[in-house]
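The values are calculated or read from the model by the stated rules, or taken from the named source; none is laboratory data. Small disclaimer: the values here were computed from a predicted structure and weren't measured. All Cβ positions, glycine included, derive from the backbone under ideal geometry; neighbour counts span all protein chains shown. SASA here: full protein model, heavy atoms, side chains in, ligands and nucleic acids out. Shrake-Rupley method; radii C 1.70, N 1.55, O 1.52, S 1.80 Å.
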Amino acid sequence: MKGNQTINIGQVAKRTIAMEATAINDLQQFIDADFEKVVELIATAEGRLVVTGIGKSAIIAQKIVATLNSTGTPALFMHAADAIHGDLGMIRQDDIVMCISKSGTSAEIKVLVPLVKNFGNTLVAMVGNTSSFLAAEADYILNTTVSQEACPNNLAPTTSTTAQLAMGDALAVCLIEWHGFTAADFAKFHPGGALGKKLYLKVQDLSKLHEAPKVLTSSSLRDVIVEISSKMLGVTAVLDENGILQGIITDGDLRRMLEKNVPTATITATDIMSLHPRTIQQDELAINALEMMRKNDITQLLVMDDTRYAGIIHLHDLIREGII
């Protein structure tokens, strides 16, 4: 196949995006009573939402299912072709079935729809042709009609699948708000990877991996250096005799003190420490510690258990966990 090197690539790309953006915007006119009823039915269903389709619509169906499952709405994907070869067995009595199709007339859809209807399940059609077989048989219609595909031949599913995806997202977001699904709920379904860690990992989960470096206000310079070196965090908290936090000493504080060429024999932690160190409560999210470090241009925070010093969280901890 010969390439057409005379095309304006940037212009074609922008035209495609503009056409798909227009198609998505036009979907607003199709948010009607059927859409609202479908949200209500899914939100209150005893069963799950079974989403099916063929070809590119099947791929969109899988993405919609993934979004719904990750946001608290039980859903599963059933390929329309496989359905008529045994996968119909995954449909339960209380399930809602949503069939996605641009034309609504695919051969597999025409075979599948009567079977679903015979089961007595509610059938939702996400369809781009409201005069089609699928639309006529469905209990509810989610209209994803587009004027044309972005493909110059008006053949390859482009604009139509974008519209399906956007309609699926609209459905999912409505269900999120219906159920009051929170970031904490989201974290339960996303425990792996950086995203999950941002939502559930606490400061204490990281600080407890280290010994908590600490010296007394009366500790000698030597003791301070040994504590910072042995704990390998580049910092130590300074406590009074009652264990109350008084300050912080970093390796930078030590360097600045030694540069002054003052007698070191009588220097104590009180002479070196910085007052009012930045702290964070141990039950805070680790991502909040990162934000505080960035805001104050520092690499560690003292971790507190209410008013008691509990340890250190370091920027390296956050990097290691992939939060940054």
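Couple of notes before you dig in:
- Taking a ≥ b ≥ c as the square roots of the eigenvalues of the alpha carbon gyration tensor, region 88-191 is oblate, as a/c is not under 1.5 and a/b does not beat b/c.
- Among the listed values (1) 56, 50, 29; (2) 92, 57, 35; (3) 64, 46, 42, the one computed from these coordinates for Cα extents along the principal axes in Å is (2).
- Shown here for region 5-46: GluC sites (Glu not before Pro) in loop regions (DSSP other than H, G, I, E, B) with at most 10 other Cβ atoms within 10 Å, namely GLU46.
- Counting only alpha carbon atoms, the long axis of helix 33-44 and the longest principal axis of the chain meet at about 60°.
- Long-range amide H partners of GLN281 with built H, under 5 Å: MET304
- Mean separation of Cα pairs under 8 Å and 6 or more residues apart, divided by the residue count, gives the chain a relative contact order of 13 percent.
- Its Cα centre serving as origin, the chain has a Cβ charge dipole (Lys and Arg +1, Asp and Glu -1) of approximately 980 debye.
- In the context of the full set of protein chains, region 255-324 has a per residue accessible area of 62 Å² (1.4 Å probe).
- Taking trypsin sites (Lys or Arg not before Pro) in DSSP loop states with no more than 11 other Cβ atoms inside 10 Å as exposed sites, the chain has its longest site-free stretch at 3-259.
- ILE24, ILE228, reordered so the largest accessible area comes first (probe 1.4 Å): ILE24, ILE228
- Region 1-98 shape via C-alpha gyration tensor axes, a/c threshold 1.5: oblate
- Crossing angle, helix 221-231 versus the chain [Cα axis fit, 0-90 degrees, rounded to tens]: 30
- Compared with the dominant Cα axis of the chain, that is its longest principal axis, helix 159-179 is turned about 60°.
- Heavy atoms of CYS174: accessible area, 1.4 Å probe, square angstrom to 10: 60
- Cα-based shape type of region 248-324, given that a ≥ b ≥ c are square roots of the gyration tensor eigenvalues and the cut on a/c is 1.5: prolate
- Residue order for SER207, SER70, SER230 - accessible surface, 1.4 angstrom probe, largest first: SER230, SER70, SER207
- Cα centroid separation, region 243-260 to region 287-324: 18 Å.
- These residues, THR161, THR145, go from largest to smallest accessible area, 1.4 Å probe, as THR145, THR161.
- Surface accessible to a 1.4 Å probe, VAL113 within the full protein complex, Å²: 0
- Percent accessible area from carbon and sulfur atoms, region 45-196, protein chains only, probe 1.4 Å: 55
- Pairwise FRET efficiency - CYS151 versus THR130, Cβ, R0 = 25 Å, nearest 0.05: 0.70
- Accessible area per residue in Å² at 1.4 Å probe, computed on region 1-122: 55
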